[in-house]
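Engineer: Below are the structure tokens for one structure; questions will follow.
The values are calculated or read from the model by the stated rules, or taken from the named source; none is laboratory data. Every value quoted in this text rests on a predicted model; they were computed, and no experiment measured them. Positions of Cβ are backbone-derived with ideal geometry, glycine not excepted, and every protein chain shown enters the neighbour counts. SASA here: full protein model, heavy atoms, side chains in, ligands and nucleic acids out. Shrake-Rupley method; radii C 1.70, N 1.55, O 1.52, S 1.80 Å.
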Amino acid sequence: MHRTCGNLHTNLLHKMNRRLWRPAATHYHLLTIWRIQAPLATVYAAILDSLRWPDWWVGAQYVKQTVVSSGNGINNVRRYAWQGELPYAVFDGCATRIERLVAIEGRAQGDLDGIGRWHFFQRGAHSELHYEWHVHSSRWWMNLMAPMVRPLLIRNHNLLMTQGSDGLARLLKVPPVDQRNIDLTKTGVQYFGDRY
């Protein structure tokens, strides 16, 4: 089956799960801000090339290209497997927006469904990256135990993002990244791409 962003394949369990069980506790709207002392073009190139993330991002178990679409990367589908303190989370990510040095956005479907967005900014000698992860869990056990699992999933996400920032700093041979994590779901704060 040919897959694009509009029709990523999900199994029957995921389809049933999304229809039957989706309490508010299964929704996550997280923002991570990285501030790194490196040229924006270099930082952007490292993030854009997600096939190489496992080379430097400890939590990225693998990234595999499953669909190659256009030359500009839009509608490309890649399968991502992540592991922090919790078992693997696997999802297909489909690129929906790629704007050089400005933004990369994709739709996720699998163990987590939703949207991931990178925004890139030049702030003097530093590059600033905002990663917005607006998803809901689709694993039945996550949803069944949502109130108990939610803090663990957020902690796991923050750990994975820290592993990414540490790996990016090592890759670019620059000082450690300054990182902030914000649970936008909990705070109720609206995020507008460059401010909240």
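Engineer: State the number of residues belonging to the stretch 52-105 that are charged (D, E, K, R) and outside any strand (DSSP E or B). Can you show your working first?
Structural biologist: Narrowing the stretch 52-105 to residues charged (D, E, K, R): 52, 55, 64, 78-79, 85, 92, 97, 99-100, 105.
Imposing the further condition that a residue be outside any strand (DSSP E or B) reduces the set to 52, 55, 85, 100.
Residues that pass the stated criteria total 4.
Engineer: Would you point out the residue of the stretch 64-107, among those that are among the acidic types (D, E) and within 16 Å of the chain's Cα centre (by Cα), that is least open to solvent (accessible area, probe 1.4 Å)? Explain how you work it out, then say what you get.
Structural biologist: Step one: of the stretch 64-107, the residues among the acidic types (D, E) are 85, 92, 99, 105.
Going one step further and asking which of them are within 16 Å of the chain's Cα centre (by Cα), we end up with 92, 105.
Working: D92: 6, E105: 40 Å².
Among them, the one singled out is D92.
Engineer: Name the residue that is modelled with the highest pLDDT, counting only residues in the stretch 112-154 that are within 14 Å of the chain's Cα centre (by Cα) and open to solvent by 50 Å² or more (accessible area, probe 1.4 Å).
Structural biologist: Taking the stretch 112-154 and keeping what is within 14 Å of the chain's Cα centre (by Cα), we get 112-119, 129-137, 153-154.
From what's left, open to solvent by 50 Å² or more (accessible area, probe 1.4 Å): 117, 134.
Values: R117: 97, H134: 94.
For the stretch 112-154, the residue satisfying everything is R117.
Engineer: Also, quick follow-up: How about the stretch 45-63: which of its residues are more than 15 Å from the chain's Cα centre (by Cα) and either open to solvent by less than 50 Å² (accessible area, probe 1.4 Å) or modelled with pLDDT under 95 (or both)?
Structural biologist: W56
Engineer: Are there any pairs with C-beta distances below 6 angstrom linking a residue in the stretch 113-141 that is on the phi > 0 side of the Ramachandran plot to a residue that is aliphatic (A, V, I, L, M), with the two at least 6 apart or on different chains, and if so which?
Structural biologist: Listed by first residue and then by second, the contacts come to G114/A108; G114/V135.
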